[in-house]
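Working notes, beginning with the structure itself.
The values are calculated or read from the model by the stated rules, or taken from the named source; none is laboratory data. Note that the structure is predicted; figures quoted are calculated from it, not measured. Cβ sites come from the backbone with ideal geometry, for glycine too, and all protein chains shown count toward neighbours.
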Amino acid sequence: MNVKLRVRDLLENGFQLVAGDDGLENPIEGVYICDLLSWVMAKSKPKNAWITIQSHVNIVAVALMVEQSCIIVSEGVEVEKEAVERANEEAMPILSFPGTSYEAAIKLYQLLSR
C-alpha cells in the first residue's frame, strides 16, 4: 500500500509537534474526533489521527491501545508535562493545532484527499 500521508506531513500544514518525534513516519489513514476516552477506545480505528481537546497523560495510553498514528490537541490547548514525557517515551506523536477540532479535521481531510 502506498502511504499518502504521514505524521511528518502535518508539520508543514499548520500543526506543531509537541512530543513523540520518533513517530513522525507513522502513516495516517483516517481521522477520529472525540474527547471521551472510553468512546475512542471503542470506536476509533488503528492508524487514525485522533483529534481531541484532552491533554492529560491518559490520552497517550488510549492512543497506544488503539494504535493511533498521532494525537492532535486542538484549540491551542497546552498538553500536560506528564503526557509529553510519556509520549516521548512511547514514540507517540502529539501535535498541537491552534484552531478548532472541526478546522483540524477539514485540514486533514484535504491532505488525505490529495
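The figures follow:
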item: Those residues of segment 77-114 which are at pLDDT 95 or above and part of a loop (DSSP other than H, G, I, E, B), in sequence order; result: Val77, Glu78, Val79, Glu80, Ala91, Met92, Pro93, Phe97, Pro98, Gly99, Thr100
item: So Ile59, is it within 12 Å of the chain's Cα centre (by Cα), in a strand (DSSP E or B) and of a type outside the set (Phe, Trp, Tyr); result: no
item: Boolean, Val84 is among the aliphatic types (A, V, I, L, M) and crowded, with 16+ Cβ neighbours inside 10 Å; result: yes
item: Filtered residues of segment 60-81 (kept if farther than 12 Å from Val18 by Cβ and either crowded, with 24+ Cβ neighbours inside 10 Å or charged (D, E, K, R) (or both)); result: Ala63, Glu67, Gln68, Ser69, Glu75
